[in-house]
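Input: a single structure, listed below in structure tokens.
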Amino acid sequence: MTPIDIYLVHEVKTAIEYCKRIMKSKSEIATIDAAQRDAAPPVPRMSVVAIEDLDILEDYVQAWENLAEEALEVNPFYEPWMLMPALRGLATRKNVRVVLVLTIDRGEPVLCGVFPLERKARYKGLPVAVLRPWQHLYCPLCTPLIRASCARECLDAFLDWLAAEARCPLMEFNLISGDGPFYELLNDCLTKRNGLSFASESYERALFRPMETADIYERASISVRHRQDMRRRQRRLSELGRVEFDALEPDGDVDKWIEEFLQLEVSSWKGKQ
């Protein structure tokens, strides 16, 4: 977890309008000599927009899905199929916004970064406002999605937005991988900016590493006593009826499995409550 002390941001109503304004404005275009132009590829210009209206966010879902496939670091919890329902069901009465970083490629807007953020009035009990990647109850990872092909430019644009627009003295990057490419890029960008930052805490998280077979993995990871207890429970369960084991294969009917699971859940005490 790496909190950074940065100052914040300027607001844009629509990213596409802002991108077009940049493209048309001669004052925004840096002039370089011919030798420099031939030696280095042009740096893509980025625009930043903060969205609080979910209806507007729906317009970006297709581009968002493409970004997830091309992301520097994978985070399914910030992909649209998971984040959009979470925003609708779990972000009520919270100061949450989704910050998008975009650029223009061949006249078309391209989504380069998705940063779901929550603003809190206090940081660790101190009367200091803080922005942080939004973490809800079912979100154990808060690494933002940024496009690998323009990751540095995207993160620089986001940090510029923080410094100019966000009106918040502190940014905390909570629950990001401490040894992943995003963390390395973040440290590099902050070092070059001479930004004040510090790591407040870190910890190791369990990781599933498959073995040759499920039986080998089970024997290596589960104690003999625990396996014996599970077999005992299976025998007791079989006294009530036939016990079967089934697995959802890659080409299986996911919707059917989900529907059966929900029917089972609603038939129990959970459904009655």
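The values are calculated or read from the model by the stated rules, or taken from the named source; none is laboratory data. Predicted model only: the values in this text are computed from it and were never measured. Cβ placement follows ideal geometry from the backbone for every residue including glycine, while neighbour counts extend to all protein chains displayed. The accessibility values were calculated without ligands, DNA or RNA, using every heavy atom of the protein model including side chains. Shrake-Rupley method; radii C 1.70, N 1.55, O 1.52, S 1.80 Å.
A few notes on this one:
- In sequence order, calculated HN-Hα J values of segment 209-217 (Karplus, 6.51, -1.76, 1.60; Hz; x Gly/Pro): 10, x, 10, 4, 9, 5, 5, 5, 4
- Per-residue HN-Hα couplings for segment 235-245 [Karplus 6.51, -1.76, 1.60; θ = phi - 60°; Hz; x = Gly/Pro]: 5, 5, 5, 5, 5, 8, x, 6, 9, 10, 10
- Amide hydrogen proximity for LEU145: with H placed 1.01 Å from N in the peptide plane, the residues at 5 or more positions away or on another chain lying under 5 Å are VAL114.
- Principal axis dimensions, segment 209-273 - Cα atoms, whole angstrom, descending: 38, 33, 24
- Distant-in-sequence amide H partners of ALA166 (H built 1.01 Å from N, under 5 Å): LEU8, VAL9, HIS10
- Using the alpha carbons alone, the radius of gyration of segment 60-190 stands to its Kirkwood radius in an Rg to Rh ratio of 0.95.
- Cα lying deepest toward the dipole's positive end in segment 68-157, options ALA121, HIS136, PRO85, charges on Cβ: ALA121
- Figure note: GLU201, GLU165, GLU69 ranked by solvent-accessible area, largest first, 1.4 Å probe, ligands and nucleic acids not counted: GLU69, GLU201, GLU165.
- Fully extending the segment from MET82 to GLU69, taken as 0.36 nm per residue of separation minus the present Cα-Cα distance, adds 3.2 nm.
- Separation in nanometres of the label points that stand 7 Å from Cα toward Cβ, at ALA121 and GLN234: 5.5 nm
- Cross-link pairs exceeding 31 Å in C-alpha to C-alpha distance, out of LYS124/LYS192; LYS94/LYS270; LYS94/LYS256, comprise LYS94/LYS256.
- Sparse-neighbour loop sites [chymotrypsin sites (Phe, Trp or Tyr not before Pro); segment 179-255; at most 16 other C-beta within 10 Å; DSSP]: PHE198, TYR203, PHE208, PHE245
- Mean-position separation - Cα centroids, segment 91-112 and segment 233-254, in angstrom: 43 Å
- Descending semi-axes in Å of segment 125-217, equivalent ellipsoid built from Cα gyration tensor: 30, 18, 13
- Accessible surface of GLU239 - all protein chains present, 1.4 Å probe, nearest 10 Å²: 130 Å²
- Extension gain (nm, one decimal) between ARG93 and GLU52, 0.36 nm per residue minus Cα-Cα: 13.5 nm
- J(HN,Hα) series, segment 175-187, from Karplus relation 6.51 cos²θ - 1.76 cosθ + 1.60, nearest Hz, glycine and proline x: 6, 10, 5, x, 10, x, x, 5, 4, 5, 5, 4, 4
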